1. If you take the residues of region 149-179 that are crowded, with 18+ Cβ neighbours inside 10 Å and among the hydroxyl-bearing types (Ser, Thr, Tyr), which of them is farthest from residue 190 (Cα to Cα)?
2. Quick check on region 585-600. Is at least one of its residues surrounded by fewer than 18 Cβ atoms within 10 Å (Cβ to Cβ) and within 17 Å of residue 430 (Cβ to Cβ)?
3. Taking into account only those residues within region 109-167 that are acidic (Asp, Glu) and assigned to a helix (DSSP H, G or I), which is modelled with the lowest pLDDT?
4. Identify, from the list 312, 333, the residue that is exposed (fewer than 15 other Cβ atoms within 10 Å of the Cβ), over 27 Å from the mean Cα position of the chain (by Cα) and over 30 Å from residue 378 (Cβ atoms).
5. Give the residue, chosen from 58, 40, 44, 75, that is outside any helix (DSSP H, G or I), surrounded by fewer than 21 Cβ atoms within 10 Å (Cβ to Cβ) and either under 24 Å from the mean Cα position of the chain (by Cα) or modelled with pLDDT under 95 (or both).
6. Is it true that some residue in region 557-569 is buried (at least 16 other Cβ atoms within 10 Å of the Cβ), farther than 20 Å from residue 423 by Cβ and without any contact (Cβ under 8 Å) to a residue 60 or more places away in the chain?
7. Please go through region 570-586 and pick out each residue that is more than 21 Å from residue 439 (Cα to Cα) and touching a residue at least 40 places away in the same chain (Cβ under 8 Å).
8. When you scan region 170-245 for helices (runs of 4 or more DSSP H) that lie fully inside it, which ones turn up with 2 or more residues that are of a type outside the set (Lys, Arg) and more than 25 Å from residue 263 (Cβ to Cβ)?
Amino acid sequence: MNINKKLLNRLAVALIIISLLASLYVDFYRVQAEQGNKTVEILVNYDELLILSMAHQVPLETLAAQFKEAGATGVLMKERTIKDLDRMGRAVLLTGGQLAFQQENNKGLFLGFKPVKEHSYLFIKDKATYESVYQQLSVKTTTVTMARDDEGYLISLPLSPKELENLGVGFIKEDIMALEKGGLSVVPQIRDWVKPTNKSIDVVVESLKEIPNLSLVAFNDRVIPGRDNPGYLAKKISELNVPVGIFEFFPQQGLEQLAVLMNKNAVRIHGIAENEMNKYTEDQALDRFNLAVTERNIRVLFVRFFGIEQPGTALNSAVKFVERVKNNLTKEGFKVGQASQLASVPYSGLLIFLAGLGAVGGVILAANYLFGANWGSLLGILALFGWAGILFLAPNLARKAMALAAVVLFPVLGTVSVIREERRNLPQAVLALLKMSALSLIGAVIMTGLISDKSFMLKLDQFAGVKLAHIAPLFIIPVYFLFWGTDPFKKARELLNFPVLLKHALAGVLLLAGLAVYIIRTGNDGTALVSSWETMFREMLDRVLGVRPRTKEFLIGHPAMLVLLYYGYDFRKIVLLILGIIGQVSLVNTYAHIHTPLMISLVRSFHGLWLGIIGGIVIITGVNLFLKWYGRRVACE
């Protein structure tokens with residue numbers, strides 16, 4: 001079979017163009033959805049409001065009005081536990097032995113009642129509190145009984161106080177009403193309980209319906225209740241007509257599935273953990289909130305107060321801090337109010353199929369270039385039918401797999417097609433870097449076309465293969481250039497017989513160590529390796545440029561690649577090649593963060609390129625001046 005190589009390349013380019021058109025269509029609506037999603041909710045902590053209320057002897061309603069005026073929209077209210085009620089003086093938790101002791105000493109507490117030593121007893125005076133707590137306990141625990149006398153209500157439970165103290169028993173209704181009168185909405189944070197049933201879920205959801213100004217529902221624990229029957233929980237929560245809240249950096253088992261079943265009716269919440277507050281100043285916290293909103297599509301901020309350990313002096317500063325949070329958001333072009341929802345991005349099976357054709361075209365180009373037209377056509381046919389088949393059988397897996405293929409293929413194609421041995425002048429080198437980057441970015445456009453929907457934008461689902469996408473080109477491209485223009489079998493024999501010296505072994509160890517650091521820093525865990533000076537440098541870039549470029553692009557990858565394109569490639573410059581590849585890989589994988597607004601990623605790439613080009617020019621100028629000086633010195637000698 002004799003296939004025309006140019007014709008095959010044209011077919012591959014046509015598939016890529018079709019893919020780009022489909023992907024850009026999706027991206028256009030994605031940008032519109034992101035730009036229309038501009039309202040942010042500011043929540044304050046219910047427990048901290050209670051502390052301030054008691055310390056300053058100010059009614060909760062008055063405090064709520066103060067924080068409302070400052071910019072807060074609502075209160076995050078953890079479901080009360082029996083331990084909370086006991087601490088707040090709304091209930092008394094006793095063991096059977098403690099109750100019997102009080103009776104023996106004529107304390108007057110249910111003197112005619114005979115307690116069971118192994119049971120726990122909850123004494124409540126207030127009727128409304130009793131009714132709410134009894135209703136919750138009756139569906140969340142085993143057999144519950146009650147007794148009543150002139151002093152109040154006594155709930156009996158065949159459990160130990162330890163088993164009961166963290167059990168959620170609903171919310172304080174009078175506090176909810178006070179917050180509403182003060183103008184703040186309530187975001188309930190539901191606790192998990194043992195073996196949730198449909199009946200217990202019904203009771204919990206019905207209690208939430210009584211909350212006025214409910215803006216969203218959140219969960220408290222690492223595992224959400226009702227995870228064994230997510231369909232029923234989704235149905236009941238959907239009756240509230242509010243989204244569920246997803247805490248950033250706090251994974252909760254079952255929550256993502258719940259959000260998907262609720263037709264992705266969810267918003268993302270960002271806050272600083274209580275045990276991290278001492279690591280931040282107010283200015284640093286504001287910067288963190290701004291980044292969360294502008295760069296990660298966060299639409300609910302949970303604001304804790306500084307200095308709450310000394311509540312007597314914390315009120316004014318807390319109000320001013322909330323006001324600063326609001327003002328910063330306003331400066332960034334956001335409104336403060338009930339969190340807005342992301343609009344859906346138009347999607348269909350046909351659009352996804354067309355977007356994936358770009359990766360098929362990339363396979364054809366690569367195979368045609370490396371192995372010839374026959375292999376290019378064969379692998380192209382296999383890729384086309386494989387794509388269609390997997391898309392039919394497992395659409396989500398197919399989208400992720402093709403997105404991964406795109407972000408690996410196009411940086412490889414861009415790099416190997418632009419690098420050459422001959423030296424270029426500086427304008428030619430700059431144009432070559434821009435051409436390479438444009439070819440690499442084709443992979444990013446195809447990827448965003450494949451996975452830009454609400455599931456990925458809300459991080460209910462994520463791009464798969466981040467580590468592989470960063471590592472694969474680092475191996476593929478150097479191996480290609482290692483065998484470039486040689487008999488591959490002869491070259492392989494030479495490499496296998498090559499004597500390994502100590503310096504080679506040490507270089508290999510250093511290379512592996514560098515690779516390990518690079519891999520770790522590609523994920524969220526990599527923040528542990530970021531030094532304090534680098535953090536300050538990043539913050540400075542954010543303030544100066546608005547959007548911080550990737551360090552490995554403008555400080556490492558792009559300058560190294562520009563130097564390589566200027567001087568021409570040979571094997572002695574393999575380190576420059578590897579560093580340059582890092583820039584191209586980072587450029588493309590920036591767009592894998594689908595929860596980051598697309599325009600932010602574009603600005604980040606732009607800053608990375610122009611700063612990297614300037615850095616490369618500085619290096620080239622410095623090297624040329626050094627070589628010129630060194631040449632004169634040698635000539636003089």
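The values are calculated or read from the model by the stated rules, or taken from the named source; none is laboratory data. Here the structure is a predicted model, which means the values were calculated and not measured. Positions of Cβ are backbone-derived with ideal geometry, glycine not excepted, and every protein chain shown enters the neighbour counts.
1. Of everything passing the filter in region 149-179, 153 is farthest from residue 190 (Cα to Cα).
2. no
3. 163
4. 312 is the lone residue from the list that is exposed (fewer than 15 other Cβ atoms within 10 Å of the Cβ), over 27 Å from the mean Cα position of the chain (by Cα) and over 30 Å from residue 378 (Cβ atoms).
5. 58
6. yes
7. Those that are more than 21 Å from residue 439 (Cα to Cα) and touching a residue at least 40 places away in the same chain (Cβ under 8 Å): 570, 571, 574.
8. 173-181
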